[in-house]
Each structure stands twice: as C-alpha cells, then as structure tokens.
Amino acid sequence: HLKYREGQYLAPVMARLMAAALEEQGMLKEKGPCLVIPVPLHPARQKQGGYNQSQLLASQLAHVLEFSYIPHALTRQKKTAPLYRLSRQQRAAALAHSMVLGDEYQEQLRHRHILLVDDIYTTGATANACKEALQQAGPTSITLAAFALADLMTLRGGHSHVP
C-alpha cells in the first residue's frame, strides 16, 4: 500500500516496526548514532509516483531512532525500467553506476555509521549500487534496513525456494 496505493499514512507505523526490529536484533547497539539515508528514486519516477516511499520511511525511522536524516545524499542518475520485471543479473547491470553521492556530503559521511533505508529488498542490486556510491566517502559502516523482503520467484510467477 505504501509503494503503489498512496499509503503514505503507513510510514510512521512501518518505521516504528523497523526500529523495533533493528533494536531487537542488536543491529545498531555497538554503532551508536547513524546518519539515515534513503534509497533514491530517479526524479522522473518520483514525479510520476508523487513521492519516494523509501524517503518517507527513512525520515520516520530517523525520527524514531533520533538519528540525523540526510534525504538527498544519494541521487539516482540512471532511469531504469521497473526492476520487478528483471532477473538478478539484469537488475545488477541496470543499476551499475546508477547512484551518485553528492560531493557536498563526502566529509559529512566520512568515518560515520550510515543506515541506508529502502522499502523492499529483492536481490540486493539497489542496495549494492547505493553502497558503492556511499563507500566513496569512507564511512565506518553501512547498514541496510528494508521494511520487506520480496521473493523474486513469486514476483515473477514461479515457485519459491525460500522457506
């Protein structure tokens, strides 16, 4: 509903659930405060959909965790076809070098812990493209928080091998 049915009202509840899961799993315990950065949408895709669901989640998650929020550190420079239609290899190829870290954020991210926020994790191609761009700044760590884990086989009409 958040992604496809204008369910922006769900973001605060989803962020609280994400925060609870991160705390329960001890994902942030030894790291201390993180800089929260959302996975970006291409400007044309954001204009078409009206908002970036990962940005909504990241904003709310930063608020709940009392972390700094940096909404525009990453930009998506390549417009890709909808990724849910692509295989793992096609996703990786489509997203290669697609994310860019703004020069003005290089120093701010150096030696800091980063919490990268996405709505759905499917193959890791988007997260890897973001990680590549973020690593240019030399952060101490990058942790990915995604609200949902998608099963690529189910999305493509096949049978899942994931329990």
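For the set PHE147, PHE67, solvent exposure ranked by accessible area (probe 1.4 Å, protein chains only) runs largest to smallest as PHE147, PHE67.
Our coupling estimate for segment 109-118, obtained by passing each phi through the Karplus curve with A = 6.51, B = -1.76, C = 1.60 and θ = phi - 60°, is 8, 4, 6, 10, 8, 10, 10, 8, 10, 10 Hz, Gly and Pro reported as x.
Taking all protein chains together and rolling a 1.4 Å probe, ARG16 ends up with roughly 130 Å² accessible.
Within the full protein context, the accessible area of TYR105 is estimated at about 40 Å² for a probe radius of 1.4 Å.
Rolling a 1.4 Å probe across all protein chains gives LYS131 an accessible area of roughly 80 Å². Site pair GLU107 and MET27 shows an inter-label distance of 3.1 nm when each label is modelled 7 Å from Cα along Cα→Cβ.
For ILE142, the residues 5 or more places off, or on other chains, whose built amide H falls under 5 Å of its own are ILE114.
The values are calculated or read from the model by the stated rules, or taken from the named source; none is laboratory data. All figures in this text were calculated on a predicted structure; none of them were measured in a lab. Cβ sites come from the backbone with ideal geometry, for glycine too, and all protein chains shown count toward neighbours. Ligands, DNA and RNA are excluded from the accessible area calculation, which covers all protein heavy atoms including side chains. Shrake-Rupley method; radii C 1.70, N 1.55, O 1.52, S 1.80 Å.
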